[in-house]
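**Student:** I'd like to ask you about the structure that follows.
Here, each number is a calculation from the coordinates, and none is a lab measurement. Bear in mind the structure is a predicted one, so any value in this text is a computation, not a measurement. Here the Cβ positions follow ideal geometry from the backbone for every residue, glycine too, while neighbour counts run over all protein chains shown.
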Amino acid sequence: MHLRTITGTIAAIAEPYTSTVTTLHVYEAVGFILGLAFGSFLNVCISRIPKGESVIHPRSRCPRCEAAIRWYDNIPLLSWLLLRGRCRDCHAGISWRYPAVEFTTGLWLLHTAKLFWDATHLDATMSAAAIPSPSASQIAIYLLAVLGLAILGFLLIGLIVMDWQTFTLPDAFTLTGIAIALFLVCTQAIFLGPTEDQVLLTRHSLHLTSPGGVTDHGNVFLTGPESLIFGRIAAICGTALILLIIRWLYKALRHREGMGLGDVKLLAMIAAFLGFWPAILALFIGVLIAGLYGIVLLAQRRAGAASKLAFGSFLSIGGLISALFGNTIIDRYIALIR
Ligand SMILES: [Zn+2]
């Protein structure tokens, strides 16, 4: 048999299989593995940042016997499973928090990898839906939004665990997050034309500016890029102000601290990445879940009216849900009230 006929036969046999394993699966697999690695680093941040320790030096040690953790015992997810959640040296239990954070970060980056893949296939989906193909600068804005989503997920997953375990929401995550988000918004604005103030890729779950925003049409005072940047700064200040007022009212009525400043910075960070309305939605979902959890605790008599609740954890969960489904929820809600 000729070599060409052999390769032809192989290709013919492999054809139905290669078409099911598409580039999308490759993107998703790479995203998941990258997510596991970032999740592993996030675990180091969670253990050390609330204590004010460096996240780079020294290398990881077992908290009980202080033996340095070998590189082959430090492989995300796998090592924990192979060691059955115990230290190799002293057999002390290793919290399931470690594989859980790695797995969740893995899933988050898998999701953003799918959105990233979408960007390279926008042409096909747009023309199929009879929407004009996006320009190169629109795709650049879309990719920056996807990058922001990936970073936001990393920060929020870390904040959920840190607030739950230590009642702290470190500035290293919240304030740094606001700075990163503002930088990304300014970079997006570079690609925006003077008369465009938002780029909506409506076939996809991701809008590029806050839906329901007030700068939709007929803004004669600001050009598009200006209204994008100032709009986001207004969202940061606005959401922070709302929580500060709630915090002040609570203090005036109950004569004790109900909410930390960390929660204020956290909501401002969500607004910096997602915009005003998605941040308000995150606050609403956070209050709802925290309320339900509080009712369960009270019913089980495991908490009194004065018990402390890690509200930042619930707010972060609200942020993750809003980042995933916020645009769809807000769009449906606007359609409902119109
Ligand atoms: Zn040990």
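**Student:** With a cut-off of 8 Å between alpha carbons and a minimum separation of six or more residues, what is the relative contact order of region 25-118 in percent? Walk me through the numbers on the way to the answer.
**Tutor:** Values: 105 pairs, mean separation 46.4, N = 94.
Relative contact order for region 25-118 comes out at 49 percent.
**Student:** Obtain the nm distance between the two label points defined at Q165 and L249 by a simple spin-label model: each point lies 7 Å from its Cα along the Cα-to-C-beta direction.
**Tutor:** Output for this residue pair reads 3.5 nm.
**Student:** Okay, moving on. Using 0.36 nm times the number of residues separating T223 and L77, minus their current alpha carbon distance, what extension gain do you get? Don't jump to the answer; show the numbers that get you there.
**Tutor:** On the way: separation 146, 0.36 × 146 = 52.56 nm, distance 4.81 nm.
Taking 0.36 nm per residue and subtracting the Cα distance, the gain is 47.7 nm.
**Student:** Let me ask another. If neighbour count is taken as other Cβ atoms inside 10 Å, put K114, K308 in order from fewest to most. Walk me through the intermediate numbers first.
**Tutor:** Working: K114 16, K308 9.
Starting with the residue having the fewest Cβ neighbours, the order is K308, K114.
**Student:** With Cβ to Cβ distances under 10 Å as the rule, what net charge do the other residues near L24 carry (K, R +1; D, E -1)?
**Tutor:** Values: positive: K114; negative: E28, D118.
Cβ neighbours under 10 Å give a net charge of -1.
**Student:** Further, regarding this structure: I'd like to compare 70-78, 167-175: which one has the highest average count of other Cβ atoms within 10 Å, and what's the full order after that? Intermediate values should be presented prior to the final figure.
**Tutor:** Numbers: 70-78: 14.4, 167-175: 18.9.
Order by mean packing, descending: 167-175, 70-78.
**Student:** Taking the Cβ of each residue in E53, E28, E66, E226 as the centre, tally the other Cβ atoms inside 10 Å and list the residues starting with the fewest. Show your work: numbers first, answer last.
**Tutor:** On the way: E53 12, E28 19, E66 9, E226 16.
Fewest-to-most ranking of E53, E28, E66, E226: E66, E53, E226, E28.
**Student:** Sum up the charges of everything whose Cβ sits under 12 Å from the Cβ of G262, counting Lys and Arg as +1 and Asp and Glu as -1, but leave G262 out. Working shown, then result.
**Tutor:** Details: positive: R247, K265; negative: D163, D171, E257, D263.
Result for the local shell: -2.
**Student:** How long is the gain from A136 to L261 if the chain were fully straight, where each residue apart is worth 0.36 nm and the alpha carbon distance is subtracted? Can you show the working numbers first?
**Tutor:** Details: separation 125, 0.36 × 125 = 45.00 nm, distance 4.07 nm.
Value of the extension gain: 40.9 nm.
**Student:** Another question, if that's okay. Per residue of region 94-107, what does 6.51 cos²θ - 1.76 cosθ + 1.60 with θ = phi - 60° give for ³J(HN,Hα)? Whole Hz please, x for Gly and Pro, Karplus curve as stated.
**Tutor:** Result, rounded to whole Hz: 9, 4, 5, 4, 4, x, 5, 5, 4, 5, 5, 5, x, 5.
**Student:** When D263, D89 are ordered from fewest to most other Cβ atoms inside 10 Å of their Cβ, what list results? Each step should come with its number before you reach the end.
**Tutor:** Values: D263 24, D89 15.
In order of increasing Cβ crowding within 10 Å: D89, D263.
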